[in-house]
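Quick note: the coordinates plus some simple rules give every number you see, no bench work behind them. Keep in mind that this is a model prediction, so the values were computed, not measured. All Cβ positions, glycine included, derive from the backbone under ideal geometry; neighbour counts span all protein chains shown.
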Amino acid sequence: MKIFLSILFISFCSLTSLGQSDEPIHITWEDLEKVEYEDVYLDSLDAWFWMPVFSDHILKYDGSRVLITGYFQLISKRDKNFWLTKDKKASVGCVIGDNPMLNIDVSGCRGLRNSDSSLEITIEGKLRLNSDDVYRLNFILENPQVVKK
């Protein structure tokens, strides 16, 4: 009986781990466009802001390791503050591309150099969706690193 239960337990563990992967999920800019915005008044700043309401499609990626390809923009060299953009033509003075809400904070990204902004790169990190802090972007990659230039 102990052998039967042991085999059953091992089989169960094997089957439940088949669908799980340690590989990051490749997301696209189109995935990130699935956001609506609502006007919210913040008393502390005495101002109205567009706050994101993420779709279920995006919410499923929150907290997951993801890969995304784009172009980086150096925001602050001293602070190692970088943004990833969809549009190669975005400039530091106006890092908006097609959609001003579609930039990803990849601050502290390992493997970036100032000269990389014209190259298409793929970055991996843990996606965090931000709908609370008006001083940060809506999309943040934690522990970002370049995986392909």
Next item on the list: Based on the mean of other Cβ atoms within 10 Å per residue, sort peptides 30-36, 102-108 so the most packed one is first.
Entry: 102-108, 30-36
Next item on the list: Can you spot the aspartates and glutamates whose alpha carbon is less than 20 Å from Lys86's alpha carbon? Ignore those fewer than 8 places along the same chain.
Entry: Glu30, Asp31, Glu33, Glu36, Asp62, Asp98, Asp105, Asp116, Glu120, Glu124, Glu142
Check: Which value in Å is the Kirkwood Rh of region 21-148 over different Cα pairs?
Finding: 15.1
Item checked: Sites Asp133 and Lys88 - FRET efficiency at Förster radius 30 Å, r taken between beta-carbons, to 0.05 -> 0.60
Next item on the list: Run the quick spin-label model on Lys148 and Glu120: label points 7 Å from Cα toward the beta carbon, then report their separation in nm to one decimal.
Entry: 1.0
